[in-house]
Amino acid sequence: MNTNKIRAAVIGFAHMHVNEVALYIHNEDNMELCAVSDTIPATPELSSSRYTRAWNINNVRENYCDNFYDDYKKMLDAEKPDIVFILTETVNKLEAVRECARRGINVCVEKPLAMNLEQALEIKRIRDESGIEIMVNWPLTWRAYLHTVKNVLDSGKVGKLLKLRFLLGHTGPLGVGASHRGVNASADILTDEEKASLWWYRKSEGGGALLDFCCYGCMLCDWYNDEKPRSVKAVGVNLAHGYTDIFDNGIAVVSYDSSVAVLEGTWSSLSKAVPPGPTLYCSEGAIECVREGNAVRVKVYDIYGNELECEEAKLGHEYDNGAAMYAHHIKTSKPIHPSLTLESNIRIMAMLDALVRSAESSDGCEAVRL
């Protein structure tokens, strides 16, 4: 064991992103995955097919770390990791953060930060009292083309942001054809009963397209828009998962003093039919993201529709993934990207919280409570 490496551990196999996170920790020269553990599911899962909890555990243990603990608190006490990557059900993130903070262990929480704003603010209180560092892993932060969009917007080339549109989705986390980074295969076909046994399809545990996908739109709003949002009006519907209580589609309009954002998340559309986005409409032009093969290209237009030159963002190794960013932060003392900070994610959670409250209310519009 190399004692000079950052000792990382994982809590939670509920989220299939654990396969990607474990891969990145394993490949990071300055980090080692010393131990892994899970939470106890509220309901027994009826399938062990690809991307379920059982499959995720087996994949990570076979390929990256077989030091598995049945109790994550015992793991924390025995292994004393430097950082824990939390990939539990969304409802369990707060308690996992609390247990790490009691032991002075830094954490990286998979997006979104929490179930709601109240939980997010409790996480902030825990951070402030314990002094641990908290990072939130947003896969979008590792997409270079989104940094290109931000650079173009900040350059003033297309004027001021007026409208941001963003649609993200697929057939659901374990839907037909759904695939996830870190695994070179798509999800197996599950029955409705098997899906209903998974936390993804239960609102009480943080399931549904609002927290899973509309959160990305809130993240981009916070990254790209310097204004504070005032209110959110949202609609949530269940179009393809009638055997569950979740919203599998959500549409939200976020109001600012001088701009607006339209955010959509879907669990009922083939990913190939969903544009990569976002699209930014500005006072002197527009910025569009278009899929070209397996890559995404940023196209910039002036107010007359003429395409303008666009320099692609050049990012260092620290922008490869969350493990690389944290290792770079520890090695150099340089700050993590703003989108990953707890302060940014409190704002993101305030917007997402208003979105969920609006979708669940009868009359719609909800104020952003920050």
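The values are calculated or read from the model by the stated rules, or taken from the named source; none is laboratory data. Predicted model only: the values in this text are computed from it and were never measured. Don't worry about glycine lacking a Cβ; one is built from the backbone with ideal geometry, like all the others, and counts go over all protein chains shown.
Here is a list: A114, A101. Which entry is in contact (Cβ under 8 Å) with a residue 40 or more places away in the chain, within 24 Å of K74 (Cα to Cα), outside any strand (DSSP E or B) and small (G, A, S)?
After ruling out the rest, the residue left standing is A114.
Give me a count of the residues in segment 244-280 that are touching a residue at least 60 places away in the same chain (Cβ under 8 Å) and more than 20 Å from the chain's Cα centre (by Cα).
Here the count works out to 4.
Answer yes or no: is there a residue in segment 222-233 that is surrounded by fewer than 17 Cβ atoms within 10 Å (Cβ to Cβ) and within 23 Å of E110 (Cβ to Cβ).
So the first thing to find is which residues in segment 222-233 are surrounded by fewer than 17 Cβ atoms within 10 Å (Cβ to Cβ), and the list is 226-228, 230-231.
Next cut, within 23 Å of E110 (Cβ to Cβ) only: none.
No, there is no match, as no residue in segment 222-233 is surrounded by fewer than 17 Cβ atoms within 10 Å (Cβ to Cβ) and within 23 Å of E110 (Cβ to Cβ).
Tell me which residues, restricted to segment 281-301, are in contact with a strand residue (DSSP E or B) (Cβ under 7 Å, 6 or more places away or on another chain) and free of Cβ contacts under 8 Å to residues at least 60 places away in the same chain.
E288, V290, K299
Does T141 satisfy being within 19 Å of A323 (Cα to Cα), touching a helix residue (DSSP H, G or I) at 6+ places or on another chain (Cβ under 7 Å) and in a helix (DSSP H, G or I)? Let's see the steps before the verdict.
Working: within 19 Å of A323 (Cα to Cα): yes; touching a helix residue (DSSP H, G or I) at 6+ places or on another chain (Cβ under 7 Å): yes; in a helix (DSSP H, G or I): yes.
Taking the combined requirement at face value, the residue satisfies it.
Restricting attention to segment 320-370, which residues are touching a helix residue (DSSP H, G or I) at 6+ places or on another chain (Cβ under 6 Å) and either over 30 Å from K233 (Cα atoms) or of a type in the set (S, T, Y) (or both)?
Passing the criteria: N321, A323, A324, M325, H328, I336, S339, S344.
Are any residues in segment 110-125 over 18 Å from V368 (Cβ atoms) and crowded, with 18+ Cβ neighbours inside 10 Å, and if so, which ones? Walk me through it before giving the result.
Quick first cut of segment 110-125, residues over 18 Å from V368 (Cβ atoms) only: 110-111, 122-123, 125.
The answer is E110, K111, I123.
Modelled with pLDDT of 95 or more and closer than 30 Å to L23 by Cα, is that true of F166?
So F166 fits the description; yes.
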